[in-house]
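Got a structure here, written out as structure tokens. Questions coming.
The values are calculated or read from the model by the stated rules, or taken from the named source; none is laboratory data. This is a predicted model, so every value here is computed, not measured. Note that we place each Cβ from the backbone using ideal geometry, even for glycine, and neighbour counts take in every protein chain shown.
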């Protein structure tokens with residue numbers, strides 16, 4: 001019986017020590033305005049807005065015209081992208097090294113070219129759709 005009481009005393013002591021080591025947490029309600037403000041700070045600009053700003057630059061527009069891409073059709077194609085696709089493309093442009101805008105322009109060119117070949121768009125007169 002004494003062994004049982006001793007074991008019980010040790011287990012209770014360990015339990016009490018364990019309870020004091022538990023961290024407390026607090027929760028509070030977040031207002032809609034606060035959530036909207038935090039979401040706006042996280043995504044200050046949408047991918048579509050960032051791509052439109054990139055296409056509005058004079059050097060980008062000149063390079064697109066030089067490569068035979070109509071800027072109006074490029075804007076339409078950008079508008080047709082989903083939010084996720086636009087954000088990914090804008091992130092690729094932002095993470096490109098200095099002078100990497102040519103790579104971004106080529107990316108847009110190849111996206112338009114592939115969609116032309118697949119018959120989804122008709123941007124370039126030199127392509128024939130597969131369908």
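At positive phi and at pLDDT below 85: which single residue out of 103, 99, 47 fits that description? Steps first, answer last, please.
Numbers: 103 fails: at positive phi; 47 fails: at positive phi.
Sole residue among the options that is at positive phi and at pLDDT below 85: 99.
Still on this structure: Confirm whether residue 63 is under 21 Å from residue 81 (Cβ atoms), modelled with pLDDT of 75 or more and part of a helix (DSSP H, G or I).
So residue 63 fits the description; yes.
OK, next. Could you say which residue among 10, 22, 30 is at pLDDT below 80, over 28 Å from the mean Cα position of the chain (by Cα) and not in a helix (DSSP H, G or I)?
Working: 10 fails: not in a helix (DSSP H, G or I); 30 fails: over 28 Å from the mean Cα position of the chain (by Cα).
It is 22.
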